[in-house]
Amino acid sequence: MERKVEKFEERIHSSGYKLTPQRRAVLDVLLKNRNHPLTPEGVYQEVKRFHPEVGLTTVYRSLELLKEIKIANHIHFHEGTDRYELDHQRHHHYLVCLNCGRIEKKGVCLFKKMQEELKKMTNFRITEHCLTFFGYCKKCQ
């Protein structure tokens, strides 16, 4: 994990920023929860367990900075709450259980051909897309 932090620290420095203790705390939480996107409030709850001096506004600012320099991804789920995760450099989609709230990440994208066709049809350059499937997990069915 320390190796990943060094890589992220290099990216932060090369973007003209410092890895402050507060940003490091937010980054640590994202690393520990790399398979589960968290709300800013969820990140805050984890951060304040070890760094009670860090405020919610600082967590929000840190998440936005990490998003801006492509260390974190900002995800929109239909519950109206934004979530953040580490940028995995690999496109993926989510399955969200409407009963228990379980979130499952799938590293498969079936829409590349559709994007190419849309580009041909519309001359619209698509830079990204986001797709989330909602339903019921095996346990809740």
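The values are calculated or read from the model by the stated rules, or taken from the named source; none is laboratory data. The structure presented is a predicted model; accordingly, all values stated were derived computationally and were not measured. For neighbour counting, all protein chains shown are included, and Cβ atoms are generated from backbone atoms with ideal geometry for every residue, glycine included.
Just a few scattered comments:
- Residues located in the range 55-70, provided they are among the hydrophobic types (A, V, I, L, M, F, W, C) and either within 13 Å of VAL29 (Cα to Cα) or assigned to a strand (DSSP E or B) (or both): VAL59, LEU63, LEU66
- Near pairs, Cβ below 9 angstrom, 6+ apart or cross-chain, from the range 125-141 (under 9 Å from CYS97 (Cβ atoms)) to any residue that is surrounded by 11 or more Cβ atoms within 10 Å (Cβ to Cβ) and of a type in the set (D, E, K, R): CYS137/ARG102; CYS137/GLU104; LYS139/ARG102; CYS140/ARG102
- Number of the exception - ARG125 against (1) in contact with a helix residue (DSSP H, G or I) (Cβ under 9 Å, 6 or more places away or on another chain); (2) basic (Lys, Arg); (3) over 19 Å from LEU30 (Cβ atoms); (4) part of a helix (DSSP H, G or I): (4)
- Top-ranked residue in the range 39-58 [being over 11 Å from PRO21 (Cβ atoms), modelled with pLDDT of 95 or more and β-branched (Val, Ile, Thr); ranked as surrounded by the most Cβ atoms within 10 Å (Cβ to Cβ)]: VAL43
- When restricted to residues that are assigned to a helix (DSSP H, G or I) and either surrounded by 15 or more Cβ atoms within 10 Å (Cβ to Cβ) or more than 17 Å from the chain's Cα centre (by Cα) (or both), the range 8-38 contains 17.
- Within the range 93-116, considering residues that are assigned to a loop (DSSP other than H, G, I, E, B) and either among the aliphatic types (A, V, I, L, M) or in the same structural domain as ILE71 (by TED's automatic domain parsing) (or both), the one surrounded by the most Cβ atoms within 10 Å (Cβ to Cβ): LEU98
- Any hit, the range 65-83, residues being surrounded by fewer than 18 Cβ atoms within 10 Å (Cβ to Cβ), acidic (Asp, Glu), touching a helix residue (DSSP H, G or I) at 6+ places or on another chain (Cβ under 9 Å) and in contact (Cβ under 8 Å) with a residue 40 or more places away in the chain: yes
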